[in-house]
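Inspection log for the structure reproduced underneath, given as structure tokens.
Only the coordinates and a few stated rules stand behind these numbers; no lab work does. Computed from a predicted model, the values in this text were never measured in an experiment. So basically every Cβ, Gly included, is an ideal-geometry build from the backbone, and we count neighbours across all protein chains shown.
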Amino acid sequence: MNPRTPLFSISFATLAVATPLFAQDALFVHKLGKDTVAVEQYTRTGNRMTGEVASRLGATGTRLQYDVALAADGRPVTATYRVRTLAGAPVPNQPAEIRLTFVGDSVRREAVFADSVNVRMLPAARGVPFQSPAFGLMEVAFAQLRRSNTPSAAVAVVGIGGANPGTLTLTAAGGDTVRAANVVGHVTVFRADRDGRLLSVDASGTTQKFMSTRGTGRVDIAAVAGRMTPLGTLSARGVAYGSFLQSVVFINYGRPQVRERTVWGGMLVPPDTIWRLGANEATHLATSRELTFGNLTVPPGLYTLWMFNARSGPQLVINRQVGQWGTSYNQAQDLGRVPLQMATTPEHVEDLTITIRNLDGGRGAFDFAWGSQVATATFSVR
């Protein structure tokens, strides 16, 4: 069997009953740029899927073990999650197990503690188990898409949390490609073979930006986890400060790293897209003076800053909405947009760095330096 045979090149009926007849192992190393963030290994045997992912994400890192029982047509019947520390110990004050039972358009969730079991029924039409970065579980979602007998279908993804499941809209994008869009429109692109086996993950269209390709062989996940160093906060907060006419201007922002990825017009700041000018929470500007950028006047107050990386030239976007996460951009709240001037930096800038410069004479500049370039907007202060 050619592993590159398109996933949707044969009938849905044939795919719906395709079931592994022998153990199939998979190994994925999930990367964020040059850095390994997680290692996942899983096995499909008949109608069962078991796996584990060791992850450096977060302050302490985790190991997530999963065990999924499948019906003959690929539907999930039950799933069990176990979250452990990188050392393999139970996580304090957390359930020892999360047990899921899929029944019709619902899922029964049991959180098993040492002295009790918390039970909830949750809505889950076309429910599937999924908890990032355990991307191997997407094979169960691919089966649901095949069963729908349509090129696009929404699935309810049930993770380790107790809230209502999230929604992913899966679309067969031609060839061996499946696109998975979340509720805010961020898309992860998966490749899979004709039997629905995951081949690669491309999350460059999301805020996570993980990349991974299926490997061969097996590893000792416990040993891998034991050598891992938690990443902590991926993008620390930074503050830029400027003083003008006995007043202050602040910018508070997240500082993502390049990690050997392309920046301007590439993976991190694609053309013709809006960017949060940072990471995590939206980038905020506070000014106690009126600022004027060309023909745009910004009264004293609190704002969020964004960049629209237009092919015709990047623009600084000043927006009235404040206090939100960086994925929540509302164009209707724009105060205005001003052109940015691009220049080459003297040396590589790994962490996004925003600087507020005083140009004297009641004038200033915002510099947004990242990678090999810096974007600048000048202003006057009143």
Among Gly301, Gly278, Gly371, determine the one that fluctuates most according to a GNM of the chain built with springs between C-alpha atoms less than 10 Å apart.
Gly301
FRET efficiency for Thr216 and Thr169, Cβ-Cβ distance as r, R0 = 35 Å, nearest 0.05?
0.65
When the charge dipole of the stretch 237-381 is computed with +1 on Lys and Arg Cβ and -1 on Asp and Glu Cβ about the Cα centre, the Cα farthest towards its positive end, among Pro346, Trp370, Pro300, belongs to Pro300
Taking 8 Å as the Cα distance limit and 6 or more residues as the minimum spacing, I'd like the relative contact order of the chain as a percentage.
12
What does the convex hull of the alpha-carbon atoms of the chain project to on average, in nm²?
21.7
Just rank His284, His348, fewest to most, by other beta-carbon atoms within 10 angstrom.
His348, His284
How big is the charge dipole of the stretch 45-126 about its Cα centre, in debye rounded to the nearest 20, if each Lys and Arg gets +1 on its Cβ and each Asp and Glu gets -1 on its Cβ?
140
Using amide H atoms built in the peptide plane, which far-off residues or other-chain residues are under 5 Å from Gly46 H to H?
Phe22
Positive end of the dipole of the stretch 79-147, charges at C-beta (+1 Lys, Arg; -1 Asp, Glu), about the Cα centre: which of Pro95, Val112, Pro133 has its Cα farthest in that direction?
Pro133
Could you compute the net charge surrounding Thr62? Neighbours are other residues with a C-beta less than 14 Å from the C-beta of Thr62; K and R count +1, D and E count -1.
+2
Electrostatic dipole magnitude of the stretch 97-177 [Cβ: Lys, Arg +1; Asp, Glu -1; Cα centre; debye, to 20]:
200
For the stretch 12-226, what number results from the quotient of the Cα radius of gyration and 2.2 N^0.38 Å?
0.97
With the convex hull built on the alpha-carbon atoms of the stretch 237-381, volume per residue in Å³ sits at 102
Which whole-Hz couplings ³J(HN,Hα) result when phi for each residue of the stretch 44-49 is put into the Karplus expression 6.51 cos²θ - 1.76 cosθ + 1.60, θ = phi - 60°, listed in order with x for Gly and Pro?
9, 10, x, 9, 9, 9
Under a point spin-label approximation (7 Å from Cα along Cα-to-Cβ), what is the Gln246-Glu350 distance to one decimal in nm?
4.3
Toward the positive end of the charge dipole of the chain, about the Cα centre and with charges on Cβ (Lys, Arg +1; Asp, Glu -1), which of Thr188, Val248, Gly226 goes farthest?
Thr188
Once phi is turned into θ = phi - 60°, what whole-Hz ³J(HN,Hα) does the Karplus curve with 6.51, -1.76 and 1.60 give for every residue of the stretch 120-126, x standing for Gly and Pro?
9, 9, 10, x, 7, 5, 6
Quick one: order Asp115, Asp67, Asp25 by neighbouring beta-carbon count within 10 Å, fewest to most.
Asp115, Asp25, Asp67
With +1 on the Cβ of every Lys and Arg and -1 on the Cβ of every Asp and Glu, and nothing else charged, how large is the dipole of the stretch 12-226 about its Cα centre, in debye rounded to the nearest 20?
180
Two-site label geometry, Ala236 and Asp35: point separation in nm, points 7 Å out along Cα→Cβ:
1.1
Test of understanding: in a Gaussian network model of the chain with alpha carbons linked when under 10 Å, which of Pro92, Pro133, Pro314 would top the mean-square fluctuation ranking?
Pro92
